[in-house]
1. Given a 1.4 Å probe and the protein chains all in place, what does the accessible area of Leu39 round to, in Å² to the nearest 10?
2. Once both axes come from the Cα atoms, what is the angle between helix 56-71 and the longest principal axis of the chain, in degrees from 0 to 90, rounded to 10?
3. Short version: ³J(HN,Hα) in whole Hz for each residue of region 102-113, in order, from phi by Karplus 6.51 cos²θ - 1.76 cosθ + 1.60 (θ = phi - 60°), x for Gly and Pro, what are they?
4. Excluding the sites themselves, what is the longest stretch of the chain that contains no trypsin sites (Lys or Arg not before Pro) in a DSSP loop with at most 13 other C-beta atoms within 10 Å?
5. To the nearest 10 degrees, how steep is helix 14-44 against the longest Cα principal axis of the chain, on a 0 to 90 scale?
6. Taking θ as phi - 60°, what are the ³J(HN,Hα) couplings along region 126-139 by the Karplus curve (6.51, -1.76, 1.60), each to the nearest whole Hz, with x for Gly and Pro?
7. What's the center-to-center distance, using Cα atoms, between region 126-186 and region 98-122 in Å?
8. When the Cα atoms of the chain are enclosed in a convex hull and the volume is divided per residue, what value in Å³ results?
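The values are calculated or read from the model by the stated rules, or taken from the named source; none is laboratory data. Every value quoted in this text rests on a predicted model; they were computed, and no experiment measured them. Ideal geometry is used to build each Cβ from the backbone, glycine not excepted, and the neighbour counts take in all protein chains shown. Only protein heavy atoms, including side chains, enter the accessible area calculation; ligands, DNA and RNA are left aside. Shrake-Rupley method; radii C 1.70, N 1.55, O 1.52, S 1.80 Å.
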Amino acid sequence: VQLPTGYSIGWTGEFENQVRASKRLAQVVPISLIAIFVLLFILFGNVKDSAIVLTNVPFAIIGGILALHITGINFGISAGVGFIALFGICIQNGVILISEFHKNIKANMTIDESIIEAVKVRTRPVVMTALMASIGLLPAAISTGIGSESQKPLAVVIIGGLVTATILTLLVFPIIFWIFNRTKHE
């Protein structure tokens with residue numbers, strides 16, 4: 001079909017809103033991560049610890065993407081907001097652990113002792129935080145009623161991300177901290 005000169009076809013309605021919201025989300029997520037990094041830098045006073053804590057973000061992303069894939073839910077604005085909330089929770093867990101690592105090092109423990117003791121002491125708070133958030137979001141993740149299409153992706157992303165972020169924060173994050181600090185404290 002040939003359109004007369006000066007006319008064009010454009011998408012409107014819900015699709016147009018989705019495109020606009022996706023563009024906004026593409027701006028908000030990097031800004032959120034930069035703001036988190038700045039706050040971590042203010043908290044720790046150095047770039048290294050701030051960057052180490054940010055390594056928890058990919059741990060969360062892995063679980064969020066897997067959860068969306070397993071449930072067959074498409075990525076949307078609600079899921080994007082879920083990822084932003086998930087980043088905050090996994091960053092909190094990293095801050096809890098890294099603070100305990102430094103506290104133990106200041107108490108004249110070796111780096112290995114510090115990490116092992118910190119993981120022992122902080123496993124319960126990290127697991128409880130993830131468990132309570134997951135249990136609280138479970139009704140939203142399994143709901144099928146009116147409005148569930150907007151809350152379900154958010155809940156699924158957070159629950160899936162918390163599973164992998166919690167496990168990897170307790171197993172891999174201490175190794176990353178050890179790699180970056182082993183020569184400093186030998």
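1. Taking all protein chains as shown, Leu39 has close to 120 Å².
2. 40 degrees
3. Result, rounded to whole Hz: 5, 4, 5, 5, 5, 7, 6, 7, 5, 4, 5, 4.
4. On the way: sites that count: Arg182, Lys184.
Segment 1-181 is the longest.
5. 20 degrees
6. Values, residue by residue: 5, 5, 5, 4, 5, 5, 5, 5, 5, 5, x, 8, 4, x Hz.
7. Here the answer is 23 Å between Cα centres.
8. On the way: hull volume 28.8 nm³, N = 186.
Once divided by residue count, the hull of the chain is 155 Å³.
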